Each structure stands twice: as C-alpha cells, then as structure tokens.
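Peer 1: Here it is: the structure, laid out below.
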Amino acid sequence: GSGAVGAVYDATDEKTGANVAVKVLRAGARADRARIERLRRDAPAESAVAHPGIAPVIAFHAEGAGEETPAFLVIERLRGASLATLVERSGPIAPDRAARIASQVLEALGAAHRAGLVHGAVKPTNVFLVTAAAGDDVRVLDFGAAEEPSRQGSDGETDPRTDLAGVGACIVHALTGAPPATATRAALATARPDLPAGFA
C-alpha cells in the first residue's frame, strides 16, 4: 500500500522467517527530513515500550548523505484493518465496540506516555484492528512516522493531551462515520440517539 508518508511492503525477515511490513519513507521534502529525524529519535524508545497495543519497530534505517537507500522501518506484519477502513466499509459502529477500542488505545498510549513518548497524530488510520476470534485486538501504529500533529495545545506544543484529543476524535469518527471537522454540528447524542446518555 502507499500514502502520503511513503509505501508499505509485505516482506519476510530472512533471519527469523517472520512475516514483517517494511515502510519506506518518501524522501526529499523538508517535512520528510523532520519525520526521519523523529524516527531516529523515537524508534528505539518506541521499541522499548513493552505493551501489546504498540507494534514495536523491529529495525530502522535512516537515509544517509549521498546514500541511495531511502529511510525505512520494519514492523510486525499485522492482519486486519484500520479503524478508518472499518468505518468506511461498514459504517458507524456500536457504542460498546467503540468503547472497547478506545479503552485499548488509551492503555497503549498510557504506556507510551509513561515512557516519555507522545504519538502526536492519533487518528483512525493509525488505530489498527488485528483480526481476532475473541474481538478487536487493537494496535496503535506510526509513533515516529506519524504525520505532523494536527491537534496542538494553545501554546503550540504537542503533549499527552494531544493524544487524548485524537482518541476523542477517533471515537466521534467511529460513531458517526465522519471526522469531527466534517460531521454534523449537532451534539453527538443527536447524531447517535441510540447512545447511552453517560456515553454521549
């Protein structure tokens, strides 16, 4: 697959035989350089966060001066779909499922925050639902490779509150089928009258 950040390839780790995903970052733009530097800084710390809701970075290569190999990172190959894809395919989801997904995302982010990491761009495309018989098994993706934060504090700094706002936006998207910026301006309870009052 491909997107604004780069392309993702299905691959096999020749040492372990494990199925992995290789994310090759798009090179050249100034924003990409900043993203690569963020990866260089955050990838080792992200890998050290021992939480099942965070897919660790298995390997990272930063593009060097005059080097032809682009920057890339290797992560576990996950089977399933992002929250964005789920909502796009099936429409708004039930509130109990949204709550279970949000709870798992918050647990993963809590572990990251305790380790000093802030995602900065929590959104439905970075919330991945691994196919599991027992229900949704959630992974938070792209700490270092995330887009520039779209939500910041009043001082312009990104901190854990940025991630909490992102989780809230994900819940609204999951429940209404649209991001908060394009969803109806009516209260969430009006958009989803089936929601329990406390949940809304």
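Peer 1: Working only within the range 57-84, note down all residues that are of a type outside the set (Asp, Glu) and free of Cβ contacts under 8 Å to residues at least 12 places away in the same chain.
Peer 2: If the condition is that a residue be of a type outside the set (Asp, Glu) and free of Cβ contacts under 8 Å to residues at least 12 places away in the same chain, then GLY64, ALA65, GLY66, THR69 are the ones that fit.
Peer 1: How about the range 1-22: which of its residues are within 22 Å of the chain's Cα centre (by Cα) and either at pLDDT below 90 or surrounded by 14 or more Cβ atoms within 10 Å (Cβ to Cβ) (or both)?
Peer 2: Listed by number, the residues that qualify are GLY1, SER2, GLY3, ALA4, VAL5, GLY6, ALA7, VAL8, TYR9, VAL20, ALA21, VAL22.
Peer 1: Something else: Which of the residues belonging to the range 104-124 are within 14 Å of ALA165 (Cα to Cα), open to solvent by 40 Å² or more (accessible area, probe 1.4 Å) and at pLDDT 95 or above?
Peer 2: Matches in the range 104-124: LEU106 only.
Peer 1: Would you mind stating whether ARG97 is modelled with pLDDT under 70 and on the phi < 0 side of the Ramachandran plot?
Peer 2: no
Peer 1: When the range 88-117 is examined, which residues are found to be more than 17 Å from ASP142 (Cα to Cα), free of Cβ contacts under 8 Å to residues at least 60 places away in the same chain and not basic (Lys, Arg)?
Peer 2: GLU88, SER90, ALA94, ASP96, SER103
Peer 1: If you don't mind, there's one more thing I want to ask. Given (1) within 19 Å of the chain's Cα centre (by Cα); (2) open to solvent by 10 Å² or more (accessible area, probe 1.4 Å); (3) farther than 21 Å from ALA55 by Cβ; (4) modelled with pLDDT of 85 or more, identify the lone condition not met by SER150.
Peer 2: Exception for SER150: condition (4).
Peer 1: Next up: Among residues belonging to the range 57-95 that are open to solvent by 50 Å² or more (accessible area, probe 1.4 Å) and touching a helix residue (DSSP H, G or I) at 6+ places or on another chain (Cβ under 6 Å), point out the one that is nearest to ALA178 (Cα to Cα).
Peer 2: Of everything passing the filter in the range 57-95, PRO92 is nearest to ALA178 (Cα to Cα).
Peer 1: Still on this structure, please answer the following. Just for the range 125-143: of the residues that are touching a strand residue (DSSP E or B) at 6+ places or on another chain (Cβ under 7 Å) and at pLDDT below 90, which one is most open to solvent (accessible area, probe 1.4 Å)?
Peer 2: THR131
Peer 1: Return a yes/no flag: does the range 98-112 have any residue that is among the aliphatic types (A, V, I, L, M) and part of a loop (DSSP other than H, G, I, E, B).
Peer 2: Scanning the range 98-112, I find no residue that is among the aliphatic types (A, V, I, L, M) and part of a loop (DSSP other than H, G, I, E, B), so the answer is no.
The values are calculated or read from the model by the stated rules, or taken from the named source; none is laboratory data. What you see is a predicted model, and the numbers here were worked out from it, not measured in a lab. Here Cβ is always computed from backbone atoms with ideal geometry, including for glycine, and neighbour counts include all displayed protein chains. With ligands, DNA and RNA removed, areas are computed over all heavy atoms of the protein, side chains included. Shrake-Rupley method; radii C 1.70, N 1.55, O 1.52, S 1.80 Å.
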